[in-house]
1. Counting only DSSP beta bridges with both residues in the chain, what percent are antiparallel, rounded to the nearest 5?
2. Would you mind working out the accessible area per residue for the stretch 37-167, using a 1.4 Å probe, and quoting it in Å²?
3. Using a simple charge model, +1 on the beta-carbon of Lys and Arg, -1 on the beta-carbon of Asp and Glu, nothing else, what dipole does the stretch 5-162 show about its Cα centre, in debye to the nearest 20?
4. By the scheme Lys and Arg +1, Asp and Glu -1, what is the net charge of all other residues having a beta-carbon under 14 Å from that of Glu297?
5. Starting from the stretch 133-203, pick out the GluC sites (Glu not before Pro) whose DSSP state is loop and whose Cβ has at most 15 other Cβ atoms within 10 Å.
6. Just tell me which lysines come within less than 16 Å, Cα to Cα, of Lys208; anything on the same chain fewer than 8 places away is out.
7. So for the chain, taking the charge dipole from beta-carbon charges (+1 Lys/Arg, -1 Asp/Glu), which of Tyr9, Val262, Ala55 sits furthest toward the positive end?
8. Run the simple label-point estimate for His114 and Gln93 please: 7 Å along Cα→C-beta, distance reported in nm.
Amino acid sequence: MSKLANSKYAIVGAGLMGRMLAVALAKRGAQVNLFEKGGSDANLSPARIAAAMLAPLAESAITEDNVVCMGIYSLPRWKDIISNLSTPVYFQQNGTLILWHIQDASDAERFAGHLEKNSRNNNQLSTPQKLDSQSLRDLEPGVADRFTQGIYLPNEGQLDNRQLLEALLIELDLLKVNCRWNTAIEPEKLRANDHYDWVIDCRGLGAKQAWRADDANQNPLRGVRGEVVRLYAPEVKLQRPTRLIHPRYPIYIAPKENDIYVVGATEIESEDLSEVSVRSAMELLSAIYTVHSGFAEARILEMATQCRPTLKDNLPEIKYCKHKGEAGLMLINGLYRHGFMISPAVMDCALELLEEGDSKTALDLGLRINKELPTQEASLCV
């Protein structure tokens with residue numbers, strides 16, 4: 001029996017991490033109350049509009065080594081997590097395709113150099129494969145008329161984010177997790193007024209006050225705006241996530257089931273949640289049309305924006321404290337653009353901390369664990 005069995009937990013925030021942790025704890029025999037200021041549809045969570053690509057090698061060109069290691073760890077864990085859900089979730093591991101137009105060849109060469117270097121330095125990463133015209137046609141025939149070369153990154157994957165959120169919701173019900181939707185509450189109030197063993201803050205940007213920069217040691221939380229388009233494109237038959245090297249930002253096209261495509265790329269240092277800008281929409285749509293002409297007749301199902309919770313150094317972090325005779329407090333945040341890619345790793349580290357008081361996995365993967373909480377929260381731990 002798990003050491004977590006019969007313990008009582010409150011989780012605040014029912015986005016991706018909140019749902020995953022609630023399910024994991026309930027399966028270990030814990031009593032879990034889950035609080036969410038929005039509804040059960042996750043409309044307030046960045047996880048709802050994400051492309052959910054699981055691409056540690058592709059991301060290695062723009063992120064830190066420890067995030068890459070978390071992504072490598074998480075890929076097989078996703079298979080385990082999904083296989084143990086009662087509801088099927090689309091999961092694919094057909095690799096990633098990188099494309100570019102002739103005018104962007106120098107940018108592509110630099111990008112390829114980063115991937116090759118990272119692959120050499122980390123033997124857990126696949127080796128990128130350069131594609132000529134014929135090998136590109138064999139791999140992804142739908143784009144072979146417009147491109148004569150590319151790079152293939154084997155073993156990378158993706159899943160359907162909305163199917164997963166719904167499957168986790170069903171699992172919460174089956175496990176009899178007490179879900180309190182449309183309930184905004186501060187973790188400190190739960191610690192002060194209820195008899196929990198632990199209160200876990202998974203609110204993303206809703207936890208900005210808890211991550212405020214009130215002294216030199218703090219790591220403030222901010223939002224990074226992303227804009228995403230969902231399309232129905234039956235004339236396009238891409239078989240794997242495809243990235244287009246672009247002069248302003250890399251475009252990604254993630255094919256889901258039933259001819260649905262998630263298209264995005266924008267990263268704007270802003271917490272503006274207003275609708276997609278005309279400029280972003282034009283750039284995204286014109287760029288994907290250059291990848292495949294079938295997108296011209298695609299139907300726009302949705303244009304959406306969200307802000308990814310991001311710490312100062314763009315790296316995830318867990319803060320926690322626990323003293324005898326009082327509820328522990330754990331804060332999980334800063335998953336940035338890598339939420340789906342690294343969330344199993346972050347979850348497993350959190351579970352180890354709850355069960356053992358320490359996490360070898362966090363040490364191995366380089367996930368920052370901090371026992372120093374911001375002033376307001378630390379005052380409740382003494």
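1. Antiparallel bridges: around 65 percent, rounded to the nearest 5.
2. On a per-residue basis, the stretch 37-167 sits at 46 Å².
3. 780 debye
4. With Lys, Arg at +1 and Asp, Glu at -1, the net is 0.
5. Those that pass, being in a loop and sparsely packed, number zero.
6. Lys37, Lys312, Lys319
7. Among Tyr9, Val262, Ala55, the one farthest towards the positive end of the dipole of the chain is Tyr9.
8. Result: 2.5 nm between the two label points.
The values are calculated or read from the model by the stated rules, or taken from the named source; none is laboratory data. Since the model is a prediction, treat every value here as computed from it, not as a measurement. Backbone-built Cβ (ideal geometry, glycine too); neighbour counts: all protein chains shown. Protein only, heavy atoms only, side chains kept; ligands, DNA and RNA dropped before computing areas. Shrake-Rupley method; radii C 1.70, N 1.55, O 1.52, S 1.80 Å.
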